[in-house]
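Notes follow once the structure below has been shown.
The values are calculated or read from the model by the stated rules, or taken from the named source; none is laboratory data. Please read these numbers as outputs of a predicted model, since none were measured by experiment. Cβ placement follows ideal geometry from the backbone for every residue including glycine, while neighbour counts extend to all protein chains displayed.
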Amino acid sequence: MPYVLDTAAIPAQDRAEAVHVVMTQASAPCHVIHEEPDGEVHARMGLWDIGGANIFTTRASGIRLLRTPKQARQDAMPVVALSVQQQADGRHEQLARQEIVPPGELMVVDLSAPYDFSWSGDGAAGCIQIPIDQLGLPVDVIRRAVGNVRRSPLYRLVAQHVADVTADADRLGSDPAAPALGAASVELARALLISAANLDCREVLADSLLTRVRTYVRRHLTDPDLRPATIAAAHNVSLRHLYKVCAQAELSLEQWIIGERLRGARDELLRSESRHRSVAAIARGWGFRDPTHFARRFLAAYGMTPTDWRNAGPDRV
């Protein structure tokens, strides 16, 4: 059971700090304020990776999570959380909106923005956390949507999905199909946000296609079969349309993929844990089928061979 915190095994005087550390690491940096700091503070938190998303559950005594503008600005990994209350009413304030979230109801939190969330007494919530770049939606669309999700006809469907997934997180998170579950959750979240923003789905997806393509490519760089045709198929567009979108952005898709792979291989050549791997093996691991082609491309990009780069050491990066 991948629980990251259970305060039952921690001395009472250390519990508040432990909750703060885990909350910051598992969700987002914020101030953690306990309802009764001198009383019986207790918490149990779990975190499960499901591919492009994760499941995060919290069961705790009265708590308030306050994320300041400064903390939001410093966050390098913006995330959207779809959270369902499991016990106690949640009180949520963000982007000039306030709401009460009863058990069984869903709220969407943009963790890249300040927020104030709390519950009184023993409470619990479970959420699916999704990096914004996985959603492939502009931040303004996400922020337009978060306060309107209850108006979407998809609200109840997504709320039930999040409730079911988080209630059975331990079993689902360890299932071999967990990455597919994560991918399905991302698609549901994207659909809910587009619906809540009251925008034309086709227009939003068209405008965000390049962002989604870039995200997809970065996730599949090590796949030797990654090529424009598979990228187009994964996004349900024609190859011609994909090339057109890239051309409008003055992006050569094939050359960009090669450049990203070269950067990945370059960094790995200097990692101590990869010293036992040959240059050819590292090249294959980053999608280069032909070591000679890789060496030629590497020399052209960085002015030295992969072997010379490795021997030069980390000061080169």
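As a summary of the residue check, A72 satisfies the conditions (1) under 16 Å from A53 (Cβ atoms); (2) touching a strand residue (DSSP E or B) at 6+ places or on another chain (Cβ under 9 Å) except for the one numbered (1).
Rundown of residues vs (1) buried (at least 17 other Cβ atoms within 10 Å of the Cβ); (2) assigned by TED's automatic domain parsing to the domain that holds A229; (3) more than 25 Å from R214 (Cα to Cα), yes/no style:
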| site | (1), (2), (3) |
| --- | --- |
| E250 | no, yes, no |
| A265 | yes, yes, no |
| L269 | yes, yes, no |
| S272 | no, yes, yes |
| V279 | yes, yes, yes |
| T292 | no, yes, yes |
| A301 | no, yes, no |
| P306 | yes, yes, yes |
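Okay, residues lined up against (1) of a type in the set (G, A, S); (2) under 16 Å from the mean Cα position of the chain (by Cα); (3) in a helix (DSSP H, G or I):
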| position | (1), (2), (3) |
| --- | --- |
| V4 | no, no, no |
| R15 | no, no, yes |
| G52 | yes, yes, no |
| L66 | no, no, no |
| L82 | no, yes, no |
| Q85 | no, no, no |
| R91 | no, no, no |
| Q98 | no, no, no |
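The residues in the range 77-92 that are modelled with pLDDT under 95, surrounded by 14 or more Cβ atoms within 10 Å (Cβ to Cβ) and either farther than 24 Å from D164 by Cα or not hydrophobic (A, V, I, L, M, F, W, C) (or both) can be counted, and the count is 1. Among the residues making up the range 163-177, those that are surrounded by 18 or more Cβ atoms within 10 Å (Cβ to Cβ) and either assigned to a loop (DSSP other than H, G, I, E, B) or among the small types (G, A, S) (or both) are A163, A169, G173.
Within the range 285-307, residues that are farther than 18 Å from D223 by Cα have Cβ atoms under 8 Å from residues that are part of a helix (DSSP H, G or I) and at pLDDT below 90 in these pairs: M304/A312, counting only partners at least 6 apart in sequence or on another chain.
Could you say whether any residue in the range 294-317 is modelled with pLDDT of 90 or more, under 27 Å from the mean Cα position of the chain (by Cα) and part of a helix (DSSP H, G or I)? No: the range 294-317 contains no residue that is modelled with pLDDT of 90 or more, under 27 Å from the mean Cα position of the chain (by Cα) and part of a helix (DSSP H, G or I).
Kindly establish whether L111 is of a type outside the set (S, T, Y), surrounded by 21 or more Cβ atoms within 10 Å (Cβ to Cβ), in contact (Cβ under 8 Å) with a residue 24 or more places away in the chain and more than 19 Å from S27 (Cβ to Cβ). It is false that L111 is of a type outside the set (S, T, Y), surrounded by 21 or more Cβ atoms within 10 Å (Cβ to Cβ), in contact (Cβ under 8 Å) with a residue 24 or more places away in the chain and more than 19 Å from S27 (Cβ to Cβ). The residue of the range 136-162 that is modelled with the lowest pLDDT, among those that are within 28 Å of I100 (Cβ to Cβ) and outside any helix (DSSP H, G or I), is L137.
For the range 114-162, the set of residues classified as surrounded by fewer than 22 Cβ atoms within 10 Å (Cβ to Cβ), small (G, A, S) and farther than 17 Å from N198 by Cα consists of S118, S120, G121, G123, A124, A159, listed by residue number. Scanning the range 21-38 for residues that are in contact with a Phe, Trp or Tyr (Cβ under 7 Å, 6 or more places away or on another chain) and buried (at least 20 other Cβ atoms within 10 Å of the Cβ) turns up just one, S27.
Exactly one residue out of R59, R73 is free of Cβ contacts under 8 Å to residues at least 40 places away in the same chain and of a type in the set (K, R): that is R73. Against the conditions (1) farther than 13 Å from R190 by Cα; (2) crowded, with 19+ Cβ neighbours inside 10 Å, Q74 satisfies every one except (2).
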